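Here is the structure we will look at.
The values are calculated or read from the model by the stated rules, or taken from the named source; none is laboratory data. If you're wondering where the values come from, they're calculated on a predicted model, not measured in any experiment. Quick reminder, even Gly has a Cβ in these numbers, built from the backbone with ideal geometry, and neighbours come from all protein chains shown. In case anyone asks, the SASA skips ligands and DNA or RNA and just uses the protein heavy atoms, side chains included. Shrake-Rupley method; radii C 1.70, N 1.55, O 1.52, S 1.80 Å.
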Amino acid sequence: MKKIITLLVLLFTINAFAQNVEFEKENFKDNKDGLKEAKRSIEAGDRFFEQGSVFYRQAIDPYLLANKFNPNNALLNYKIGKSYLYSNYKLKSIPYLEKALQLNPNVDPQIHLVLGKAYHLDMQWDKAIAEFKLFEKTLTNVSEAKELIENVNKQIEECSYGKELVKSPIRVFIDNVGPEINSQYPDYGPVINADE
C-alpha cells in the first residue's frame, strides 16, 4: 500500500511541475522587468518565425533568451524546436518539441508531424512512425488534407526503409580524388559553368 501511495504522490508531483506557464504578469509578480525583456525577445523571434521556414534559424537566439526566463511555456518550446529543425542543428529540436508536447499536447495542430520529422532525422524510426500516425489521426477534412496524408505516408514509408537499411549496414569507403576535384570546402552540388 505504501508503494502505491508513493507512486501516486510521485506521479502527481511530476504532473504538477509539468504545467504550461504563460508569459503573464500573474505568473511572474516578482520579476516584471524580466517578463518585459522575455516578451521583447519573443516578439523579436516571432518577427523571423512568421516569415517562414527560411527565417526560422534567426528566431532561435531571441527565443532562447525568453526560454531562459521561462522554460515551461509550451508554445515557446514548440517554436524553438521547429526553428532548430530548420537550422544546421536539427537534432537539438527534439528536447524542445518533446517538452512542448508534455506541457500542452494541443500546443499546435502539427506538433506530431514536426516531432515525427525530428525523430526521423535522428533515426528513431518507431517513434517517428508513431508520431506520424498520431498526426494523421488529427486530419479530419480528408479532401483538404490529401496532400498532407500523402506526405505523411511517404514519411512513414521512409522510416520503414530506414529500419531495414540499419539492420544490414553496408561498408562504404569515400576517397578523396585529389585537388583537381576536391577542395578544402564542402564539394557537394557541383556545377559546370559555361566555359567548363
> So how many residues does the range 47-82 have that are closer than 17 Å to G116 by Cβ and either modelled with pLDDT of 95 or more or touching a strand residue (DSSP E or B) at 6+ places or on another chain (Cβ under 6 Å) (or both)?
Replying inline: 4
> Quick one: in the range 147-174, which of the residues that are at pLDDT 85 or above and either among the small types (G, A, S) or farther than 20 Å from I129 by Cβ (or both) is most open to solvent (accessible area, probe 1.4 Å)?
Replying inline: R171
> Regarding N27, is this residue open to solvent by 30 Å² or more (accessible area, probe 1.4 Å), outside any helix (DSSP H, G or I) and not aliphatic (A, V, I, L, M)?
Replying inline: no
> Within the set of pairs 6+ apart or on separate chains, which have a first residue in the range 91-102 that is open to solvent by 60 Å² or more (accessible area, probe 1.4 Å), a second that is in a helix (DSSP H, G or I) and of a type in the set (S, T, Y), and C-beta atoms under 6 Å apart?
Replying inline: K92/Y84
> Which of the residues that make up the range 56-84 are part of a loop (DSSP other than H, G, I, E, B) and crowded, with 16+ Cβ neighbours inside 10 Å?
Replying inline: N70, N72, N73
> Here is a list of conditions, (1) in a loop (DSSP other than H, G, I, E, B); (2) open to solvent by less than 10 Å² (accessible area, probe 1.4 Å); (3) under 20 Å from N27 (Cα atoms), and S87 meets all of them except one; can you say which number that is?
Replying inline: (3)
>> Condition first: in a loop (DSSP other than H, G, I, E, B) and in contact with a Leu (Cβ under 7 Å, 6 or more places away or on another chain). Now tell me which residues in the range 107-160 satisfy that.
In response: V107, D122, L139, A145
> Do the conditions hold for L115, that is, is it surrounded by 20 or more Cβ atoms within 10 Å (Cβ to Cβ) and closer than 29 Å to G162 by Cα?
Replying inline: yes
